[in-house]
Amino acid sequence: MENTLELINVSKNRQGFSLDTINITLKKGFIMGFIGPNGAGKSTTIKLIMNLIKKDSGMIKVFGLDNEKHSMKIKERIGFVYDDNHFYEELTIKEMKNIIRPFYSQWEESTFNKYVKDFSLPMDKKINELSKGMKMKFSLAIALSHQAELLIMDEPTSGLDPLVRTELLDVLQTLIQDENKAIFFSTHITSDLDKIADYITLINNGQIILSKTKDELLEEYTMVKGKDSTQIIHNKNLISLKSNDFGFEALCKNKEEVRKQFGTSYFYEKPTLEDIMVFYTRRSGGHVSSN
């Protein structure tokens, strides 16, 4: 299946922060969750993909095209949803839409009107009078109204109430049923990705830590809990460990091997994506203490 997005050995030094040899591949028909703590490099990566800043080295291809040489052609085929509001605050939704529409040759007014109805968007209301949830719905309606083949979302659910978040995720699940589309969903709210993601890529301190299918991740790792961490603290499968006065909990890879090694000495639980992100990003010499 054709790759929609490829980052090959991409590096960027920017204001004291470095992205180091980033490699990401997203195929048509899939949703990739791009996770990591704030400041990990998620937004910088997206700016590179969108050619808003220039890479120092490597190659970025979108739809098989060099993203610098074919920037305008590529952006015609991308829907971009920001966390921040990038609209003119004093304009109404209708006025703002009329400014944006001419930039897209494939704009479909009927599709936009469908989302206006689905999202109950108040067309004559000014942007600065909208709730954060309504601004996000408007942004999504714009992104989905010009036959975008790649939807790039930068922290789209941050600060939204649970009802709006669920509504947004439902739209994305419907959208990805079109196997010619792909979604690159950057977030630190991993519970959203538990519901919709096919692939998970974790970035921390400008480096890709892992990139696998969500199912592979959740099957490969295990949470280990107990009172005495002596046996496990130097184990090769330990990612990191958090201890307190009552015992410890740890994230380990190679679930089956770990269970065979320690048997009933410990308790085992299936990790969440948040567990995997937190324990990897807090990793420090294989041991993390919460004391």
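The values are calculated or read from the model by the stated rules, or taken from the named source; none is laboratory data. Nothing here was measured: the structure is a model prediction, and the numbers come from that model. Here Cβ is always computed from backbone atoms with ideal geometry, including for glycine, and neighbour counts include all displayed protein chains.
Residues of segment 60-108 that are closer than 29 Å to Ile22 by Cβ and of a type in the set (Ser, Thr, Tyr): Ser71, Tyr82, Tyr104.
Please verify whether Glu249 is of a type in the set (D, E, K, R), part of a loop (DSSP other than H, G, I, E, B), out of contact with any helix residue (DSSP H, G or I) (no Cβ under 8 Å at 6 or more places or on another chain) and touching a residue at least 24 places away in the same chain (Cβ under 8 Å), treating the condition exactly as stated. Spelling it out, it is not the case that Glu249 is of a type in the set (D, E, K, R), part of a loop (DSSP other than H, G, I, E, B), out of contact with any helix residue (DSSP H, G or I) (no Cβ under 8 Å at 6 or more places or on another chain) and touching a residue at least 24 places away in the same chain (Cβ under 8 Å). Here Phe17 meets the list (1) more than 19 Å from the chain's Cα centre (by Cα); (2) under 20 Å from Lys181 (Cα atoms); (3) in contact (Cβ under 8 Å) with a residue 60 or more places away in the chain almost entirely, failing just condition (2). Do the conditions hold for Met223, that is, is it touching a helix residue (DSSP H, G or I) at 6+ places or on another chain (Cβ under 9 Å) and assigned by the TED database to the domain that holds Gln261? Criteria met by Met223. The residue that is modelled with the lowest pLDDT, among those in segment 165-196 that are among the hydrophobic types (A, V, I, L, M, F, W, C) and over 27 Å from Gln106 (Cβ atoms), is Ile189.
I'm trying to understand the selection: among the residues of segment 101-115, which are in contact with a helix residue (DSSP H, G or I) (Cβ under 8 Å, 6 or more places away or on another chain) and surrounded by 14 or more Cβ atoms within 10 Å (Cβ to Cβ)? Matches in segment 101-115: Arg101, Trp107, Phe112, Tyr115. Take the conditions modelled with pLDDT of 95 or more, over 26 Å from Met50 (Cα atoms) and outside the structural domain of Pro37 (by the TED database) and apply them to Asn244. Does it pass? No; evaluated as a whole, the condition is false for this residue.
Within segment 204-215, does at least one residue satisfy the condition of being in contact with a Phe, Trp or Tyr (Cβ under 9 Å, 6 or more places away or on another chain), within 26 Å of Cys252 (Cβ to Cβ), part of a helix (DSSP H, G or I) and modelled with pLDDT of 95 or more? The answer is yes; a qualifying residue exists. Residues that are under 19 Å from the mean Cα position of the chain (by Cα) and closer than 22 Å to Phe87 by Cα do not occur anywhere in segment 188-204. Can we say Leu121 is among the aliphatic types (A, V, I, L, M) and at pLDDT below 95? Spelling it out, it is not the case that Leu121 is among the aliphatic types (A, V, I, L, M) and at pLDDT below 95.
The single condition from (1) in a loop (DSSP other than H, G, I, E, B); (2) touching a Leu at 6+ places or on another chain (Cβ under 6 Å) that Leu5 fails is (1).
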